[in-house]
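Values in this text are rule-based calculations from the coordinates and carry no lab data. All of these numbers come straight from a predicted model, not from anything done at the bench. So basically every Cβ, Gly included, is an ideal-geometry build from the backbone, and we count neighbours across all protein chains shown.
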Amino acid sequence: MNRLKIALLAGGNSSEREIALNSAAQIASALDAQKYDVKVIDLHYRNWIHTTPDGKQYEVDKNDFSLTIDGERTEFEYALIIIHGTPGEDGKLQGYLDMMGIPYSSCSQVSSTITFDKISTKRAVAGKGINLAREILVGRGDTIDAEQIVTELGLPLFIKPNASGSSFGVTRVTTTEQIDAAIHAALAESDEALIEECITGREFGCGVLITDTKTLVLPITEIVSKNAFFDYEAKYTAGMSDEITPAPISEEWSSMIAHDAVEAYKACRCSGIVRIDFIVTEEGKPYLIEVNSIPGMSSGSIVPKQARTAGISLGELYDMVIEDTLRKHKTK
């Protein structure tokens with residue numbers, strides 16, 4: 001049996017690099033070694049490196065997306081992308097793979113660009129019946145009128161990078177005086193800052209995978225942060241948040257979140273495994289927070305927990321993705 005030659009692309013250039021490497025290690029161990037010949041490739045700017053168990057390092061040939069180890073050349077047949085941030089989650093890597101004719105596991109270049117850019121995500125889902133927080137978008141060099149922002153959106157506010165992940169550069173602002181510093185922190189991560197009204201409620205994450213043959217909505221997770229919001233510390237420090245799967249909510253709330261998650265997935269033309277996050281108000285009104293086109297897959301991440309709750313192993317989940325993308329690639 002010929003094993004599918006997979007490049008598991010990890011790392012990346014953003015603040016989320018280490019998280020992506022942890023996710024890749026988890027996936028590599030979960031994939032069926034009898035079906036797949038997997039090589040983990042650490043992308044860091046121009047360096048695309050595979051490290052063998054004995055510590056030797058080999059560079060990917062980007063001219064033909066191949067890897068040669070001790071004279072033995074592997075031409076990769078599939079790319080499994082697990083890079084949070086650039087160049088994986090923002091679509092840049094997908095553009096290269098499209099040119100090389102290599103099928104891959106994540107959203108397309110266009111879809112990745114849309115979902116990584118928060119204001120573009122909001123524009124894509126507008127008109128689909130999905131509730132969205134009111135916002136103001138500012139760029140570098142824009143004149144900031146903090147008083148006018150508070151007049152329009154009130155307090156508290158969330159100020160975040162328009163294109164970033166893992167809550168890097170996100171600030172919950174409770175006073176007018178905090179606005180300038182919060183915008184500066186957001187612009188350190190992105191060229192634009194998104195200022196949003198604060199929607200108060202309970203936070204949920206919903207994993208979705210839509211293939212040619214099925215729509216899979218994973219059990220919903222409630223995210224209870226011990227900080228003011230689900231920031232980087234709460235996401236990645238043990239004990240700083242409770243992630244309850246399945247979420248202790250009514251069937252009505254569960255159906256409502258699942259419906260909006262599927263609508264957002266379709267509106268953004270997603271593919272692969274995506275996690276879509278919401279805030280649901282006390283009145284039961286869900287607001288979209290963001291679409292994570294390459295969600296975390298480490299042992300403590302939300303989607304693997306949701307899959308386990310559904311009785312699906314991480315390996316089985318990626319079997320579905322790989323089979324679907326290969327089938328679509330053959331019909332092009």
Task: Distance between modelled label sites at Thr175 and Thr211, nm, 7 Å Cα→Cβ extension - done: 5.4 nm
Task: Alpha carbon centroid spacing (whole Å) that separates the stretch 5-68 from the stretch 107-133 - done: 29 Å
Open item on the list: Between 0 and 90 degrees, rounded to the nearest ten: what's the tilt of helix 17-30 against the longest Cα principal axis of the chain?
Closed with: 50 degrees
Open item on the list: Compute a Gaussian network model of the chain, connecting alpha carbons closer than 10 Å, and tell me which residue from Ser111, Ser225, Ser271 fluctuates the most.
Closed with: Ser225
Open item on the list: Which log10 I(q)/I(0) values does the stretch 174-332 give at q = 0.10, 0.15, 0.17 Å⁻¹ under the Debye formula, counting every alpha carbon as one identical point scatterer?
Closed with: -0.42, -0.89, -1.09
TODO: For the stretch 253-332, state which GluC sites (Glu not before Pro) are in a DSSP loop and have at most 15 other beta carbons lying within 10 Å of their beta carbon.
DONE: Glu282, Glu283
Task: Unit charges on C-beta of K, R, D, E only; dipole of the stretch 1-137, Debye - done: 600 debye
TODO: Past 28 Å, Cα to Cα, is the threshold; run Lys128/Lys226; Lys39/Lys266; Lys118/Lys285; Lys39/Lys328; Lys285/Lys328; Lys128/Lys160 against it and keep the listed order.
DONE: Lys128/Lys226; Lys39/Lys266; Lys285/Lys328
